[in-house]
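J.: One structure, pasted below without further comment.
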Amino acid sequence: MQFSFRRQISASCCLTLLTLVASAASAATPSLGIFQDHGDVGTVLHPGSAEYNAAQQNYTISGSGANMWFGEDDFHYLWTRVSGDVSLTADIAFLGETGDNHRKAVLMIRQSLDGNSAAVDLARHGDGLTSLQFRDEPGGNAHEVQSNVSAPRTVRIEKRGDYFYAFVSGSDGKLQVAGASTKLVLTGRFYIGIGVCAHDKDAVQKAVFSNVKLMSLPATTGKLVLYSVLETIPIRSTDRRVAYVAPVHFEAPNWSRDGSFFLFNSEGKMRRLALNGTEPTTIATDPQNRCNNDHGISPDGQSMAISDQSGSSQKPSIYIVPIVGGTPRQITQNSPSYWHGWSPDGKTLAFAGQRDGDFDIYTIPVTGGQETRLTTAKGLDDGPEYSPDGEYIYFNSERTGSMQIWRMKADGSAQEQVLSEETNDWFPHISPDGKWMVFLSYEKGVSGHPAEKDVALNLMSMDDKKVHVLTKLFGGQGTINVPSWSPDSLKLAFVSYELLPEDSGGTK
């Protein structure tokens, strides 16, 4: 269902060099440049080292350690202690051509020097992989968001409040938003610095950090820029990866039936992005050029359903368009109608429609004609989607007082609640193999499905109904409104968002 995405926000236009408190400054060791101290963190077999070259103003760090992952980090760390909002920038180069492909040189912010500390780091791997890694509680398993830029020369990590953002240099050498972000609460003063892990307990690796800048970030008072990030996540490893990031508002990815591209909506248009593409193309849907985030692909992959409000009523109706673009064919005559599901046999569409002030679930033949009302309970019913066998329609309903996941037979009979959760749950999507259901969860007190919220993608096993968090992110409206499973049922596509000052690391 479409709602407007508007924001009046502000940010500061300048960054200043970090001013350390007097006690920290007096304790600093000149031979370590801007940092205070260094040492091994976690368990290492070979002691590491850190050297500062004042003439060249760079740092050489050697580190051992088996990994920086799971519940503990093992590496050598050069650090200082600060508080507040900060950024750390550096050029990174490994010394030597040999070593594990996953050896890491990192910019890191962590709560303590304990190996299992809550921490966020921007890691440049030996094979070029660059990712934002994070552990949000002591001893918890680490997670990551991988950048789609390989082996950037320059990287930056920023802490703004409880949010952390990654920046990487592009082909022009300038920093840009990586699209990787996370939320993590640190208390009081914390550690920030640079480090190296060999990813091999028996080895020692070295990296050089140059043009290192540690800066404080003043309070945000000016304009903020919205960045939309198309990401994918495998349900087994949960290692998120950025597919596309841009300073525009886009929403609701569909994964093509052959797995080769994504569809999403932006600025009223439908966009197509190749799986490993760099820029999307526009799909012609004129005169329907006010498409919203309720769209999807036919079972045969030849057509797409769109929900568009270009008509005289200015309320969404459902249309079908060739997947390559063309003249839309109107399906629903009543509005507003928001598409959400396509029956596996390709003959029927399921949608949420508002009639006489009530939102309910309806179906309609793909050829158009008479719509059939399936739900009549008081309260909003939304997000209908067919199970892969066509037997059920899953949907979300607030008929019990909070938004929960329900299902019914395809003819509307046998309506039953699937889960009873403390969260408000939206948009159930069943994997093509029928084994999993993903849904979007808001915190208990959140009404509707607004944008700019901390949300979770939850994954439920269809066999035992056990639910676990797939990932947490900043998003909501536009994140996963429509079906977005990969055809092999191994991955999901979704959209996260970032709000950054216009003069932050990614906009210079």
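Bear in mind that the values in this text are calculations on the coordinates, not laboratory data. From a predicted model like this one, the values you see are computed outputs, not experimental measurements. Note: ideal-geometry Cβ built from the backbone for every residue, glycine included; neighbour counts use all protein chains shown.
J.: How much FRET efficiency would the formula 1/(1 + (r/R0)^6) give for T376 and R329, where r is the Cβ-Cβ distance and R0 is 35 Å, rounded to 0.05?
T.: That pair, T376 with R329, gives E of 0.75.
J.: Which distance in nm do the two modelled labels at D358 and Q314 give, with both placed 7 Å along the Cα-to-Cβ direction?
T.: Taking the two extended label points, one gets 2.8 nm.
J.: Suppose the chain between S237 and T98 were pulled fully straight at 0.36 nm per residue; how much longer would it get relative to their current alpha carbon spacing?
T.: Gain on extension, S237 to T98, equals 47.4 nm.
J.: In what order do D300, D239 fall by count of nearby beta-carbon atoms within 10 Å, going from fewest to most?
T.: Result, fewest neighbours first: D300, D239.
J.: For Rg/Rh (Cα atoms, Kirkwood Rh), several values are listed as (1) 0.94; (2) 1.00; (3) 1.02; flag the one computed from this structure.
T.: (3)
J.: Another question, if that's okay. Given labels modelled 7 Å from the Cα in the Cβ direction, how far is it in nm from R153 to M462?
T.: 5.0 nm
J.: Specify which residue in the list G188, N293, Y52 is farthest towards the positive end of the charge dipole of the chain, using unit charges on the beta carbon of Lys, Arg (+1) and Asp, Glu (-1), about the Cα centre.
T.: Farthest towards the positive end: Y52.
J.: Could you give the length gained on full extension between N141 and A284, defined as 0.36 nm per residue of separation minus the Cα-Cα distance, in nm?
T.: Result: 47.0 nm gained on full extension.
J.: Between A55 and T43, with labels modelled 7 Å along Cα→Cβ, what's the label distance in nm to one decimal, could you check?
T.: 4.2 nm
J.: In percent, what relative contact order does the chain have, based on Cα pairs under 8 Å that are 6 or more apart in sequence?
T.: Taking the mean separation of contacting Cα pairs over the length of the chain, I get 14 percent.
J.: Let's test the formula: R0 of 35 Å, r as the Cβ-Cβ distance of L113 and A219. What FRET efficiency results, to the nearest 0.05?
T.: Plugging the Cβ-Cβ distance into 1/(1 + (r/R0)^6) gives 0.75.
J.: Rounded, prolate or oblate: which fits region 224-501 when a ≥ b ≥ c are the square roots of the eigenvalues of the alpha-carbon gyration tensor, with rounded for a/c under 1.5 and prolate only if a/b beats b/c?
T.: Because its axes are fairly even, with a/c under 1.5, region 224-501 counts as rounded.
J.: Something else: Given +1 on the Cβ of Lys and Arg, -1 on the Cβ of Asp and Glu, and no further charges, what dipole in debye does the chain carry about its Cα centre, rounded to the nearest 20?
T.: 980 debye
J.: Hey, how many Å between the Cα centroid of region 134-201 and the Cα centroid of region 416-455?
T.: Result: 28 Å between the Cα centres.
J.: If amide H atoms are built 1.01 Å from N in the plane of the peptide, which residues on other chains or at least 5 residues away come under 5 Å of the amide H of D37?
T.: W79
J.: Sticking with this one: Where does each of D503, D425 land when they are ranked from fewest to most other beta-carbon atoms within 10 angstrom?
T.: Least crowded to most crowded, the residues run D503, D425.
J.: Quick one: net charge around N424, please, counting Lys, Arg +1 and Asp, Glu -1 for every other residue with C-beta under 11 Å from its C-beta.
T.: -3
J.: How high is the relative contact order of region 224-501, in percent, counting Cα pairs under 8 Å that sit 6 or more residues apart?
T.: 17 percent
J.: Once you charge only the Cβ atoms, +1 for Lys and Arg and -1 for Asp and Glu, what is the size of the charge dipole of region 16-221 about its Cα centre, to the nearest 20 debye?
T.: 580 debye
J.: Something else now. Please list the radius of gyration and Dmax for region 393-454, considering alpha-carbon atoms only, with Å as the unit.
T.: So, for region 393-454, Rg and Dmax equal 12.2, 36 Å respectively.
J.: Would you calculate a helix-derived [θ] at 222 nm for the chain, using -39,500 (n - 2.57) for each DSSP H run of n ≥ 4 and dividing by the full residue count, to the nearest 500? Provide the component values of the computation, followed by the final result.
T.: Details: 1 runs with 6 residues, N = 508.
Computed ellipticity for the chain at 222 nm equals -500 deg cm²/dmol.
J.: Let me ask something else. What is the gain in length, in nm to one decimal, between D454 and V469 on full extension, counting 0.36 nm per residue of separation less the C-alpha to C-alpha distance?
T.: Working it through step by step, the gained length comes to 4.1 nm.
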